[in-house]
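Since the structure comes first, as structure tokens, the remarks are kept for the end.
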Amino acid sequence: MTERSGKRIALLGFELESNRFAPVVGHSEFAGKLILKGADMMADLATENPRSPGTLVGFARAMDEMGPWTPVPLMVAVAGAAGAVEHAYYEEVKDEMLRRLEAEMPVDGVYFCEHGAAVTTEISDPDGELFAAVRALVGPDAAMVSTLDLHANVSDKMVESTDVLVAYLTNPHVDHFERGTEAARAMVELMAGLKTETAFIRLPLQAPQVTQLTATGPYGEVIDIGQDRLDETILNVSICSGFTYGDTPENGMAFIVTARGDEGRARRLCRELAEHAWGQRHRFVPRLTSLDECIRRAVEVGNDETLSPIIIADVADNPGAGSRGNTTWLLSGLHEAGAVGVILGVFFDAALAAEAHALGVGKTFAARFNRDEASPYSKPFEAEAKVCALSSGDLVGRPGGSVAGRTIQLGPTAALELGGVTVVVVSNRVQCFDSGFFETFGVDVEAARTVVVKSRGHFRAGFAHLFTPDQILEADTPGLSSPNLANFTFSGYRRPIFPLDAETAWQPPDW
Ligand SMILES: [Zn+2]
């Protein structure tokens, strides 16, 4: 490796969004998604379509452009959305990160690509614990900057341990790269001697995931107000809506305003934004479409070509929120109702995909969905199916979508035709991000009358070239990521919290 000059910036990242109601995960979940260490990180970042998180890619490329620096690649561990992580495995990852950091000391700064909504089987704030441990090691003078997912459950420890937190501004998330770039700009200012002041407020407002969209609605509006206030004093405004199913004391919409050395400005703006959102809280209550109505609409558009096609979002079974991506309420309901022109994906069932691969294209068989899963949500379903297409399951995210330009591996994949319903069955549990999740496997999205997606909201970016928001129904089905919060028994939240507790009150801080 050639010798680099410039400040030494350590690169770390732990990305897990924990749904407390989903199965616990450990090493295999991370190994199946992405673990990179040391020189392998730089090798991945040098590729055209890196597997690394877009924030890390954006950070590294912006740092390269802004002048000499010495990247100190340590470790990233990414699992996307799943359940809580085994505490022992989290400790193992944290210890390895700290060991690698210690071996490279001293460093001038640390950049994290972090999700911010992990929980372990024992603690509710592993992200904050990691930040605090790194701060203890590098000391108060090193710069610490982290990017965060918009769904982070932000803790005091996360805010206190870092100099700048930079959260996504978009949901669907399409600004990973830009926020990585913004983090790099902050890092360069910190390297030049900037001291920051941060104000932080967490509201007792945990919006269900479907009302956290940013293109329209109350959440996007308050984010826009915050961005309009950026100037020579206000360095960053981040507003995290929180991950509903994390069920932690850190849940609640979080406002983080970072100023260049002016605590009063940071506090005034932070309070103004929090008060604005609180005043709009009744607009965060979701409106879902019943399962019966979804099926009725699908049958209707299948039989009448003059009607516009629809997307049914199976928001309660979103792998992007830790669901299994294999509930069968919509699949069996649409099949039994005789709906036609339906495509459904992507359905997570490795055993079924393997069986289809063994049989080959053109074969007809009794497809048994969910033969291996015991969860009450993963109900078995059986129907005669024809194997239409087979694939190794590699694709690159389409332009405009949440995974644009990134390599996605779905594992052995099969398109199965069940009467009027064609299902894309995959071996890796991933949400349906864009139309390529069908088109790659020979399933025509433009010809479909109804598209059922296992996704809560990110699909909106990846299907926006074909569907407008008024063609989208959000289904009220059972599932591990249902926006119908009354379906869950929350035990970790600080109560009361809106809208779960309708009479929740809040007073702004006495600053
Ligand atoms: Zn998110």
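Summary table below
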| item | result |
| --- | --- |
| Of all DSSP beta bridges in the chain, antiparallel share, percent nearest 5 | 40 |
| For residue 72, distant residues with modelled amide H under 5 Å away | 9, 10, 11 |
| At least 30 Å along the helix axis (C-alpha) and Kyte average at least -0.5, DSSP helices within the chain | none |
| Whole-Hz ³J(HN,Hα) from phi, Karplus 6.51 cos²θ - 1.76 cosθ + 1.60, for the range 376-393, glycine and proline x | x, 7, 8, 5, x, 8, 10, 7, 5, 9, 10, 7, 8, 7, 10, 7, 6, x |
| Quarter of Cα convex hull surface for the range 362-511, i.e. mean projection, nm² | 13.2 |
| Ranked 375, 455, criterion: other C-beta atoms within 10 Å, fewest first | 375, 455 |
| Over 19 Å [Cα-Cα, the range 83-162], rounded percent | 34 |
| Protection proxy ranking, peptides 202-210, 134-142, average beta carbon neighbours within 10 Å, highest first | 202-210, 134-142 |
| Segment residue 49-residue 5, extension gain: residue separation times 0.36 nm, minus the distance between their alpha carbons | 13.2 nm |
| Where labels lie 7 Å past Cα in the beta-carbon direction, separation of residue 293 and residue 365 in nm | 3.9 |
| Footprinting exposure proxy for 454, 7 (fewest neighbouring C-beta atoms within 10 Å first) | 7, 454 |
| Convex hull (Cα only) mean projected area of the range 273-432, reported in nm² to one decimal | 12.1 |
| Residues with amide H under 5 Å from that of residue 381, placed H, sequence gap 5 or more | 369 |
| Zone of residue 471's modelled label, taken as backbone nitrogen in the range 269-301 under 20 Å from a point 7 Å along Cα→Cβ | 289, 294-301 |
| The range 7-284: proportion of alpha-carbon pairs further apart than 23 angstrom, % | 49 |
| R0 of 51 Å, Cβ-Cβ distance residue 66-residue 336: FRET efficiency to nearest 0.05 | 0.30 |
| Surrounding net charge for residue 258, when Lys and Arg each add one and Asp and Glu each subtract one, Cβ distance under 13 Å | -2 |
| Orientation-averaged projected area, Cα convex hull of the chain (nm²) | 22.9 |
| Charge dipole (debye, nearest 20) of the chain; +1 at Cβ of Lys and Arg, -1 at Cβ of Asp and Glu | 140 |
| Sites residue 122 and residue 306 - FRET efficiency at Förster radius 60 Å, r taken between beta-carbons, to 0.05 | 0.55 |
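Since every read-out is calculated from the coordinates, none of them should be taken as a lab result. This one's a predicted model, so the numbers in the text were calculated from it and none came from an experiment. Glycine also receives a Cβ, built like all others from the backbone with ideal geometry; neighbour counts cover every protein chain displayed.
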